Amino acid sequence: MRALLPAWGRSRREDFPAPVLLHIGIPKSATTAVQNGLAKSRRKLRKAGILYPELDGRINHHHLAVQLMGRRHGAWNPTGDSLDLLERLKRDASAPGVTQVVLSSELLAEIDITEARKVLSHLGDDVRILITLRSIPQLLPSSWQQGASAGHQEPFEDWLREVLRDPAKLDLRPLMSMRGDDGYTLMTRWKKLVGAKNITVLIPDPEDRTSVFAEMEELLGLDQGTLRQFSSNTSLSFTQSEFTRLTGAATRQHLTSFERVQLVQQGMGNGMKRGTGTKGRPATLPAWALDAAQEAGRALARSVKASRATVLGDLDVLSAEARTGADEPYAQPTEFPLSMVIDGLAGGFRRATEAPFASDDAMRPVVRAPRVEGIGEPLASDAQAVPLAFSGSAGLGRVAKAARTRLHSAAEGHALTRLKPGRDLRDGPAVVAVEPAATTAWRLYQSHLIDGGAQTWAEFAAGLSLARDDAWWQERATMLQALAARSDAPAVVTADDNAALAAACHALEAALGAPAGAVAGLAHGTPGVALLSVEQAAILRGFNAAIEGHGQEADRKRLVANGLVSSLTARAPEHGSLPALPPEVAEQARLHDARMAALLAEAGLAVPASPPAGDRGHGDPDAVEVVSADDAVAAAAGIIRAARAVSQAARKRAAARA
């Protein structure tokens, strides 16, 4: 083998045992492919005297770079002064036969001259810099996607306008690898620190994906074919990037940088990359930006040439054209493909079941009932919630159960109770909520999904039986007649949607003398109370199918019921469409509702008609292919906020121990 690496040019300091080739990227310039090739060829490299260290199980050296920079990082450098990986690196580099160390982290392309100087201070005097570059017009969409995948990016065209405001100056912030806020450009910064003769610029041939490996082998003096070849890191599509970007924006106030990268980029992003769902459209450079991007590429080529650094590749590549889209103004997506959303949610869930987000604690719903003034004041009266449904406790029964604890401090004992057939009446007013059979059927399907089920609506509805025996009906007739015989006749509400359920809750508040929102507010994010839309149910069903067999029961309770479902429930529509029942079940529902109306009439209780809510039609959750962007982001944010609660609690415990 012939070592073609140029002479190091400076004497080696004693505090680092071997010369260093420091590959700093830039990001999205085949860096992942290079890192994979080096990492998977460690044994061959070691035989050639080259150490590509394995320090933390990663193919790159981002962890080490953070420590060398002295940056605080929640996992890698909590105090800002950790250097444990550097000490390990020095031990490995001191091994017999090591003649050269290769390090790679594209984080180093984004630092200013002060941080760069600090990095170099740890690595001795024999440091050579390797910079990989690509076409600026082709780089820009990929770079935006990289930031968007971590959930911290502006809309694409807003970002582009800022990056290309003065392309010839090569201060392309917020593209941080092309920053100029320290008075230097990418090339002048590193030339100032190590000199032109210690900088090599590698520009891979965009038409030949193997060229980067051939150039690396020549640079390192390796035989052709030594490095294993890999494709570049797969990027998210524009549509997928928008999903992660909007999720990041929705959770920005709740997450640390580490949590955002782990849950949004690594979780959701990898879920969509590896998933089988629709990818959406690719990111393309708007036609209006092409000229400015090419000018930036030409300016970069001039800067590289002026630096007198060693160049491997064609400088004209830096201004090569990129695929462009139509000159249509950017519009934030209002909907996403359901299959893509499922891939992202499943990826986020899987990451949230791993350290440092794993927990046996189910936690609380991420969406809490709004605070209500006067909630602790004494109540005027006891009250009873009387849900009427062919199965279960209906919406009013569920919200009454949730409200009992909330109202307990305002009364001796529980002021609000749920009246069941066969139980004695209590003093105080009552509110009767009549839930139509079709509404109850949808609620039962929703409970099936919240419990982890993945049946289609057609499968679930076909198995329903609404028939009830005479004893069941007689119990309810007796209860209603007893209520009607009291001096204070109960309020009766037809609870066929979330708006009607809210009206029943407000009637309970009036009966109790409780402040507005004391009961109704609990429907806001309590799983299983409000009715989900058919699109929201489709998200939950697809998600359940995607994560089947993954995670523990506590994970489902914490991340799904108290996370995803709680967040979707807070967005449940006031008037949502219900799916059609199979003909036989629909006939049972009609008969059930007619008989319930007859019971109420016999007891002298009038059932008001539901207020008009327009023609709702019949939704079909089994046919949903796209969902609203707001629902998709709410579902993802619910999982992320539930996961974040675990890591936040762990940090608080650690701080308390300290």
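For the reader, a short list of remarks on this structure follows.
- Selected from Ala642, Leu396, Ala467, residue furthest toward positive end of dipole (the chain; charges at beta carbon): Ala642
- Rounded accessible area per residue of the stretch 109-170, 1.4 Å, Å²: 30 Å²
- Across the stretch 540-551, coupling constants 3J(HN,Hα) worked out from phi with the 6.51/-1.76/1.60 Karplus curve, θ = phi - 60°, read 5, 5, x, 5, 4, 5, 6, 9, 3, x, 10, x Hz, and Gly and Pro carry x.
- Pairwise centroid distance, computed over Cα atoms, of the stretch 446-485 with the stretch 21-99, Å: 62 Å
- All-pairs alpha carbon distance profile, the stretch 337-489, 5 Å steps from 0, percent: 1, 7, 11, 15, 14, 14, 13, 10, 7, 5, 2, 0
- The H on the amide N of Ala570, modeled in the peptide plane, is under 5 Å from the matching H of no residue at least 5 residues off or on a different chain.
- Subtracting the Cα-Cα distance of Lys40 and Asp56 from their residue separation scaled by 0.36 nm leaves 4.3 nm.
- Set of aspartates and glutamates with alpha-carbon distance to Lys191 below 16 Å, sequence-local pairs under 8 removed: Glu110, Asp112, Glu115, Asp125, Asp126, Asp182
- Accessible surface calculations at 1.4 Å, restricted to protein heavy atoms, place the stretch 493-564 at 28 Å² per residue.
- Averaged per residue, the stretch 286-365 has 50 square angstrom of accessible surface, using a 1.4 angstrom probe with ligands and nucleic acids left out.
- The portion of the accessible surface of the stretch 225-303 made up by carbon and sulfur, rounded to a whole percent, is 47 (1.4 Å probe; DNA, RNA and ligands excluded).
- Here's the picture: charge each Lys and Arg Cβ at +1 and each Asp and Glu Cβ at -1 in the stretch 46-197, and of His62, Ala168, Ala48 the one pushed furthest to the positive end of that dipole is Ala48.
- Whole-number D in µm²/s for the chain (Stokes-Einstein; Kirkwood sum over Cα pairs; 4 °C, 1.567 mPa s): 45 µm²/s
- Ligands, DNA and RNA left out, the 1.4 Å accessible surface of the stretch 338-462 is 47% carbon and sulfur atoms.
- The length gained on full extension between Ala75 and Ala454, counted as 0.36 nm times the residue separation minus their Cα-Cα distance, comes to 132.8 nm.
- Greater than 32 Å apart at Cα, pairs in Lys557/Lys652; Lys90/Lys169; Lys169/Lys273; Lys118/Lys169; Lys118/Lys197; Lys279/Lys401: Lys90/Lys169; Lys169/Lys273; Lys279/Lys401
- Entry note, the chain: the mean residue ellipticity at 222 nm calculated from DSSP H runs of n ≥ 4, each adding -39500 (n - 2.57), is -12500 deg cm²/dmol after division by the residues and rounding to the nearest 500.
- Relative to the longest principal axis of the Cα atoms of the chain, the long axis of helix 470-484 makes an angle of roughly 80 degrees.
- Computed from backbone phi, the HN-Hα couplings of the stretch 634-642 come to 4, 4, 5, 5, x, 5, 5, 5, 5 Hz, rounded to whole numbers (Karplus: 6.51 cos²θ - 1.76 cosθ + 1.60, θ = phi - 60°; Gly and Pro given as x).
- Where labels lie 7 Å past Cα in the beta-carbon direction, separation of Ala597 and Leu425 in nm: 2.5 nm
- For the stretch 469-563, the direction-averaged projected area of the alpha-carbon convex hull comes to 9.5 nm².
- For the stretch 244-375, the alpha carbon positions stretch 69, 39, 37 Å along the principal axes, listed from largest to smallest.
- Per-residue packing, averaged as other Cβ atoms within 10 Å, sorts the ranges 182-189, 470-477, 342-349 into the order 342-349, 182-189, 470-477, beginning with the highest.
- For Gly325, residues with placed amide H under 5 Å, excluding near neighbours: Leu285, Ala287
- Taking 0.36 nm per residue of separation and subtracting the Cα-Cα distance, full extension of the segment from His618 to Arg371 would add 85.4 nm.
- Solution diffusion estimate, µm²/s, Stokes-Einstein, the stretch 569-612, Kirkwood Rh from C-alpha pairs, 10 °C, viscosity 1.306 mPa s: 122 µm²/s
- Of all accessible heavy-atom area on the stretch 463-598, the percent that carbon and sulfur account for (1.4 Å): 53 percent
- Rg and Dmax of the stretch 339-400, both derived from C-alpha coordinates alone, stand at 19.4, 51 Å.
- D_trans [Stokes-Einstein, Kirkwood Rh over alpha-carbon pairs] for the stretch 516-590, 25 °C, 0.890 mPa s, µm² s⁻¹: 173 µm²/s
- Normalised by the number of residues in the chain, the average gap of Cα pairs under 8 Å and 6 or more apart makes the relative contact order 14 percent.
- Between the amide H of Leu312 and those of Val201, Leu202, Ile203, distances stay under 5 Å, these residues lying 5 or more places away or on another chain, with hydrogens modeled in the peptide plane.
The values are calculated or read from the model by the stated rules, or taken from the named source; none is laboratory data. Note that this is a predicted model, so its numbers are computed, not measured. Reconstructed Cβ throughout: ideal geometry from the backbone, glycine too, with neighbour counts over all protein chains shown. Note: accessible area is taken over every heavy atom of the protein model, side chains too, but ligands, DNA and RNA are not part of it. Shrake-Rupley method; radii C 1.70, N 1.55, O 1.52, S 1.80 Å.
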